[in-house]
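Read-outs throughout are calculated quantities, based only on the coordinates presented, and are distinct from any laboratory measurement. As the structure is a computational prediction, the values presented were derived from the model and not from experiment. Heads up, the Cβs are rebuilt from the backbone with ideal geometry, glycines too, and the neighbour counts pull from every protein chain shown.
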Amino acid sequence: MLGLKLPTDPRWVNIAEKNIVDILIDHAWCEQKAATSCITFIVKYPDHTQLVETLSPIVTEEWGHFRMVLRELEKRDATLGPARADNYVVQLKKHERTGDRRERQLMDKLLINALIEARSCERFRLLSLHIADNELKGFYHELMKSEAGHYLTFVELAKVYMPEKMVDERLEQLLIAEAEIIANLELRGDRIH
């Protein structure tokens, strides 16, 4: 369903489990950035009624996830700390076309957000299946389902504003680029991406 071309290195989940507080901190910031990204879409494209109506509840959902992760940090006597750069997202956004038609730019932005959700979903699945903490297993299982839904939402929104064939072709190009990014990123157990 997600179409990712390269699965996460299986060693990632073992490293992540040993750094679960760092993973939770990074995860909190990912949720905050996801909410902010949806707000940015709404601000930039207020005339796109379906986009505004579709993403408004996702803002609330992502912010709720942020608060849920904060509670997990509190259980571990940990604090949020400063935001961290997400090299994966930085690299992925380099594939966004600029200076093009507004709708084509919107398509790229939506598809890049879809890929971020897809990779998060895949990583949450790994955590839900393989970490020892049963409470966090359930926590990540629920979030995995949410991320999968967001992936589909972003792809479907792109198809509202651009022809389906064009969206599918561009998504395939971005999936190939995303796999290359994953292949070349340092394997870190303190980051979701």
Check: Roughly how many nanometres apart are two label points built 7 Å out from the Cα toward the Cβ at Asp133 and Asn184?
Finding: 3.3
Checklist line | Cleavage-rule hits, trypsin sites (Lys or Arg not before Pro), the stretch 25-76, DSSP coil, Cβ neighbours within 10 Å at most 15 | finding: Arg76
Checklist line | Given Lys33/Lys159; Lys33/Lys93; Lys109/Lys159; Lys18/Lys137; Lys5/Lys145; Lys93/Lys145, the pairs whose alpha carbons are separated by over 18 Å | finding: Lys33/Lys159; Lys5/Lys145; Lys93/Lys145
Next item on the list: Using a cut-off of under 18 Å, list every residue of the stretch 72-102 whose amide N is near the label point 7 Å from the Cα of Gln50 along the Cα-to-beta-carbon line.
Entry: 102
Margin query: Compute, for the chain, the length of the dipole vector about the Cα centre, with Cβ point charges of +1 (Lys, Arg) and -1 (Asp, Glu) only. Units Debye, rounded to 20.
Written below: 280
Next item on the list: Any chance you could give the angle, 0 to 90 degrees and rounded to 10, that helix 20-44 forms with the longest Cα principal axis of the chain?
Entry: 20
Checklist line | Degrees between helix 134-161 axis and first principal axis of the chain (Cα, 0 to 90, nearest 10) | finding: 10
Checklist line | Degrees separating the helix 49-75 axis from the principal Cα axis of the chain, which is the longest one | finding: 10
Check: If one puts a single equal scatterer on every Cα of the stretch 11-184 and applies the Debye formula without solvent, what log₁₀ I(q)/I(0) results at q = 0.09, 0.19 Å⁻¹?
Finding: -0.32, -1.32
Notebook entry, point to check: Which FRET efficiency value, to the nearest 0.05, is calculated for Asn87 and Thr60 with the Förster distance at 35 angstrom and r the Cβ-Cβ distance?
Noted result: 0.80
